[in-house]
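Colleague: Below you'll find the structure I mean.
The values are calculated or read from the model by the stated rules, or taken from the named source; none is laboratory data. No experiment lies behind these values; they were computed from the predicted model shown. Glycine also receives a Cβ, built like all others from the backbone with ideal geometry; neighbour counts cover every protein chain displayed.
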Ligand SMILES: [Zn+2]
């Protein structure tokens, strides 16, 4: 990380010492010059592609450095959040905290809990569907008991079993 920081700082230095932007490639294509009133010549390149690259790099390098800085800032904030969450939730939290190890561990803990919840909801849905089937069946049963708004023995047995199963998975 220190190597990268040194490298980035050096690029910043190079940017600040170079002739201020903007730089442009001339119409012939080989020359790069500064596009203010000075029209100072920056470089005479070997090819027009190289001249285009030199002119573009003068814009691109400082912008990319800014982007890297922003991303580093965002990453540090995210890391801070993870650290806060870990120190609040984890009794084994220490300052030698590894965010990746922590994220891997809580993910590993979350997967069985998620699978359990999915299975529970699936069973609950199935039991609710089964109960709805029994109700539909009873409405079309046609026995005198069921037609009179009561329940015939088979419907009553099915209804009780379905209700029991539903109550069981709702827990
Ligand atoms: Zn019935």
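Colleague: All but one of (1) assigned to a helix (DSSP H, G or I); (2) loosely packed, with under 11 Cβ neighbours inside 10 Å hold for residue 87; state the number of the condition that does not hold.
Modeller: Failed condition: (2).
Colleague: Oh, and also: Checking residue 21 against (1) surrounded by 13 or more Cβ atoms within 10 Å (Cβ to Cβ); (2) free of Cβ contacts under 8 Å to residues at least 40 places away in the same chain; (3) out of contact with any strand residue (DSSP E or B) (no Cβ under 6 Å at 6 or more places or on another chain); (4) assigned to a loop (DSSP other than H, G, I, E, B), which test does it fail?
Modeller: Unmet condition: (2).
Colleague: In addition: Working only within the range 24-53, note down all residues that are assigned to a loop (DSSP other than H, G, I, E, B) and surrounded by 12 or more Cβ atoms within 10 Å (Cβ to Cβ).
Modeller: 26, 29, 30, 35, 40, 45
Colleague: Quick check on the range 137-154: of everything there that is modelled with pLDDT under 90 and part of a helix (DSSP H, G or I), which residue is farthest from the chain's Cα centre (by Cα)?
Modeller: By that ranking, first place goes to 144.
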